[in-house]
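Take a look at the structure set out below.
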Amino acid sequence: MKSYYLDPDKDYHNKHLSADQAPVNEKLLDDTVQYYEDCHHDYFFAWCNRQNLALHYGYWDETTPYNHHQALLNTNQKLYQQANIQASDTVLDAGCGLGGSSIWMAEQHQNRVTGITISEQQANYARNSAKRRQVNDYAHFEVADYCQTPFPDESFDVIWALESACYALDKGAFIKEAYRLLRKGGRLALCDAFMLQREFNEQQWHTVMNFLNGWRLPNLSSRTEFNQLLQNAGFNNIHIEDISEQVLPSSKYMYKVTKRLYPIQKISQWLRLRSDTQTANYETGFAQYDFFHDRLAEYCIFTATK
C-alpha cells in the first residue's frame, strides 16, 4: 500500500501546494473519501453508535466511569470547555465526519454549527441524523474542503477540528484558511495526534506506516511545528494541553476490540468479504496502540485566538 507520509528531513510545513503537488492532494482527498465510505459500517460495529457518532478517541479521567460511549462524548466537552465556547458562538466543524460533534454542540449548547466534510455520504448521514434528533435548525452540513472553503472572510466565531486537521497534506493551508474564516477574537479549537520523534528504528517505522496508511493520513506535525504554523498565520494566545494520559485508555479499548474481532476479520478476509481498505483499517487497531503507548506520538489540544 502506498505511503503518503512525508519525508521528515524535508520541510513541507511552511509552503502551499505547488502545481506538481496538487494531483497528490487530489488523490489524498479521493482516498480519504473512499476510506470513510468503505469503513462506515466498521466504525458503527466496533467503535461508535448513533448517539455519539464519534470518529475520534475518548477522554477518560478519574471522574469518568469505564464507559466507552461516555468517554467519546467527554472529548467533545473537554474541547468545548478548553476553547471557552459560548452558546452564542457560531461554529465551523472542519472535517465533521458523521456530524457527531456538530449535533452534540447543537443539542447540548444550542450553538449554530456548520459541519463540512469531503464525503457526500457523510454529509447526507449527518443531515439525516440532525433531522432525526430535531436539531437541523442549528446544525447543517455541506460538502467542502476545509483548506478551501466557500465561506466569506470572518464567518465564524470558532473553528472546531477534532481529529480532522491531521488529514491535511499541508497543515499550514488549513491553519491559514481557519484564520481567514474567524472573526477577530475568534478561536481555533483543535484536538489531534502529534509526532514526538522523527527518527525511527525498523519496528517503529513499521508502526508509523501502519498507523498512517491504515487511516489514510498523509503526515503528522509535531506540536512545535504546529505551534509555529499558528504563529506564522497570526494566531495568539496559543495554549497546548497534552491529554495523552486521558486518551490512552481509549487506545487500549480499541486494541482490545481489535483483538476480539481477530477471528471474524481473518475468516472474512479469507472469504474475500473484506476490502484492502477495511483490512488496513482493522490492522491500525493494533498499530495505534504501539504508536501511542511507545510514545511515538502524543495527543494534544490546541486552542488559539485570532
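Of note:
- Residues in segment 29-77 that are among the aromatic types (Phe, Trp, Tyr), under 17 Å from residue 284 (Cα atoms) and touching a residue at least 60 places away in the same chain (Cβ under 8 Å): 35, 36, 47, 57.
- Within the option set 195, 209, being of a type in the set (A, V, I, L, M, F, W, C) and farther than 27 Å from residue 78 by Cβ holds for one residue only, 209.
- Within segment 288-302, not a single residue is modelled with pLDDT of 95 or more and more than 22 Å from the chain's Cα centre (by Cα).
- Once segment 219-277 is narrowed to residues that are over 19 Å from the mean Cα position of the chain (by Cα) and part of a loop (DSSP other than H, G, I, E, B), the residue that is nearest to residue 77 (Cα to Cα) is 235.
- Every residue from segment 112-143 that is under 18 Å from residue 94 (Cβ atoms) and in a loop (DSSP other than H, G, I, E, B): 118, 119, 138
- Residue 251 small (Gly, Ala, Ser) and open to solvent by 10 Å² or more (accessible area, probe 1.4 Å): no
- Residue within segment 166-181 that is open to solvent by 10 Å² or more (accessible area, probe 1.4 Å), modelled with pLDDT of 95 or more and closer than 13 Å to residue 114 by Cβ present: no
- Flag for residue 227 being out of contact with any strand residue (DSSP E or B) (no Cβ under 9 Å at 6 or more places or on another chain), open to solvent by less than 60 Å² (accessible area, probe 1.4 Å) and closer than 23 Å to residue 191 by Cα: no
- Screening residue 195 on (1) closer than 29 Å to residue 90 by Cβ; (2) surrounded by 17 or more Cβ atoms within 10 Å (Cβ to Cβ) shows it passes everything except condition (1).
The values are calculated or read from the model by the stated rules, or taken from the named source; none is laboratory data. For clarity, every value in this text was computed on a predicted model and none was experimentally measured. When we count neighbours, we look across all protein chains shown, and the Cβ atoms used for this are built from the backbone with ideal geometry, even at glycine. Heads up: the accessible areas ignore ligands, DNA and RNA and are worked out on the full protein's heavy atoms, side chains in. Shrake-Rupley method; radii C 1.70, N 1.55, O 1.52, S 1.80 Å.
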